[in-house]
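Reading through the structure tokens given below for one structure.
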Amino acid sequence: MCVTEEHLKRLFHSEMDPKTQSEPMRVLVTGGSGLIGKAIEQVVKNEGGSLEGEQWIFVSSKEANLVDLQQTKALFEKYRPTHVIHLAAKVGGLYLHMRENLHFLRDNLRINDNVLQTAHEMNVTKVVSCLSSCIFPDKTTYPIDESMIHNGPPHTSNFGYSHAKRMIDIQNRGYFEQYGRRYTAVIPTNVFGPYDNFNLENGHVLSALMHKTYLAKKQGTPLQVWGTGTPRRQFIYSLDAARLFIWVLREYDEIEPIILSVDEDEELPIKDAVLMIAEALDFKGPIEFDTSKSDGQLKKTASNAKLRRYRPNITFTPLSEGIKKTCDWFVQNYDIART
């Protein structure tokens with residue numbers, strides 16, 4: 001295990017300020033049924049991530065459509081949160097983004113504005129929103145860091161989603177400067193794990209590949225991978241990301257965002273991840289790369305130097321281990337997984 005019981009105790013209990021200890025939080029987690037929301041729920045319920053007296057409320061779009069302002073306000077009135085982890089978003093894979101950039105822009109702008117403004121109006125102490133590494137400029141120097149978000153246009157494949165996510169950072173600055181609100185954001189690199197979206201076309205890269213590999217093995221057909229397999233990515237296991245989200249909620253006081261990522265030297269070609277998935281699922285058939293499909297951004301190397309300054313000794317689940325755990329979960333929960 002990368003995170004020991006002693007580490008969790010220190011992470012969740014040792015550096016709390018007296019105010020937080022005497023006034024238990026009521027934390028509303030939007031997007032609570034998704035990949036990161038489910039991981040946070042597991043950490044809260046099974047790893048000692050919740051302090052005595054705290055309430056953690058995990059909600060999904062079934063309870064409220066956050067594109068609608070009135071539904072957003074009703075949700076906040078119902079639960080009266082003191083803190084919010086904002087994960088809800090209109091999301092999808094590369095090819096869905098390429099087809100529907102306008103929809104991703106408009107829906108996410110509405111969701112984020114509704115959540116942040118309602119949180120402000122209801123005097124929510126802190127909001128931690130989730131950004132994405134795809135928001136960074138397409139043409140940039142590497143590694144990218146938190147200061148570079150607005151230095152140029154994002155990749156054209158997902159410009160709608162990326163610009164909408166960037167605006168959270170702008171709004172956080174505005175709420176702080178105008179009202180003193182301590183709203184912030186995190187920027188995870190490619191998160192994967194149980195409860196991901198495993199849809200073949202619209203899922204994230206690793207989860208879609210896991211589903212493809214599962215089906216190829218079952219059907220006795222070659223595994224067809226879209227693209228060349230050469231784009232490089234940094235992958236973070238969802239449970240690792242979840243623990244860091246809770247740390248940010250409790251202890252990170254900056255308004256400026258922080259990248260949550262494995263180290264730069266952990267970035268690897270998607271082709272390598274495909275081989276790890278094949279091994280985890282015991283797939284022994286041929287693997288074919290469809291080079292007529294777009295690769296998207298070739299790399300997004302992110303620096304976690306800021307995170308390392310705060311948490312110098314943090315360790316991450318090795319990619320092969322995280323892939324194996326996720327593949328095992330997917331096979332065991334195929335009937336309920338998002339496919």
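The values are calculated or read from the model by the stated rules, or taken from the named source; none is laboratory data. Source: prediction; values computed, not measured. Ideal geometry is used to build each Cβ from the backbone, glycine not excepted, and the neighbour counts take in all protein chains shown. Heads up: the accessible areas ignore ligands, DNA and RNA and are worked out on the full protein's heavy atoms, side chains in. Shrake-Rupley method; radii C 1.70, N 1.55, O 1.52, S 1.80 Å.
Quick notes on this structure:
- A dipole drawn for the range 238-339 from +1 and -1 charges on Cβ atoms has a positive end, and of Y252, W329, S303 the residue lying farthest that way is Y252.
- Net dipole in debye of the range 154-287 [+1 Lys, Arg Cβ; -1 Asp, Glu Cβ; about Cα centre; nearest 20]: 560 debye
- Per residue, the chain exposes an accessible area of 45 Å² to a 1.4 Å probe, with every protein chain left in place.
- Local charge for I40 was computed over the other residues whose Cβ lies under 11 Å away, with Lys and Arg +1 and Asp and Glu -1, and equals +1.
- Degrees separating the helix 270-280 axis from the principal Cα axis of the chain, which is the longest one: 80 degrees
- Note on I170 and N65: their simple-model spin labels are 2.6 nm apart, each label 7 Å out from Cα toward Cβ.
- Cross-link partners for K217 among the aspartates and glutamates, with Cα-Cα distance under 13 Å and sequence neighbours closer than 8 places in the same chain left out: E279, D282.
- Hits among aspartates and glutamates - C-alpha to C-alpha of K73 under 14 Å, sequence gap 8 or more where chains match: E63, D113, E121
- The range 79-174: C-alpha gyration tensor shape, a/c 1.5 cut-off, then a/b vs b/c: oblate
- Equivalent ellipsoid semi-axes - Cα gyration tensor, the range 293-339, angstrom: 29, 20, 9
- Helix 101-121 and the longest principal axis of the C-alpha atoms of the chain enclose an angle of approximately 20°.
- Convex hull volume per residue in cubic angstrom - Cα atoms of the chain: 131 Å³
- Simple spin-label estimate for I336 and T291 gives 4.4 nm between the two label positions (7 Å along the Cα-to-Cβ direction from each Cα).
- Set of lysines near K212 by C-alpha distance (under 20 Å), chain-local residues within fewer than 8 positions excluded: K271, K284, K293, K324, K325
- For the chain, the longest principal axis of the alpha carbon atoms and the long axis of helix 238-251 meet at an angle near 20°.
- Carbon/sulfur fraction of accessible area - the chain, other protein chains in place, 1.4 Å, %: 49 percent
- Rounded to the nearest 500, the helix-only mean residue ellipticity at 222 nm of the chain stands at -13000 deg cm²/dmol, with each DSSP H run of n ≥ 4 adding -39,500 (n - 2.57).
- Charge context of Q224, other residues only, Cβ under 10 angstrom, K/R +1, D/E -1: 0
- The tail of the calculated P(r) for the range 148-302 beyond 22 Å holds 51 percent of all Cα-Cα pairs.
- The mean of 1/r over all distinct Cα pairs in the range 136-229, once inverted, gives the Kirkwood hydrodynamic radius of 16.3 Å.
- When the Gaussian network model of the chain links Cα atoms closer than 10 Å, the mean-square fluctuations of D145, D68, D240 top out at D68.
- Springs between Cα atoms under 10 Å define the GNM used for the chain, and in it the highest mean-square fluctuation of T291, T72, T326 occurs at T291.
- With Cα atoms defining each centre, the range 283-339 and the range 53-124 are spaced 25 Å apart in the structure.
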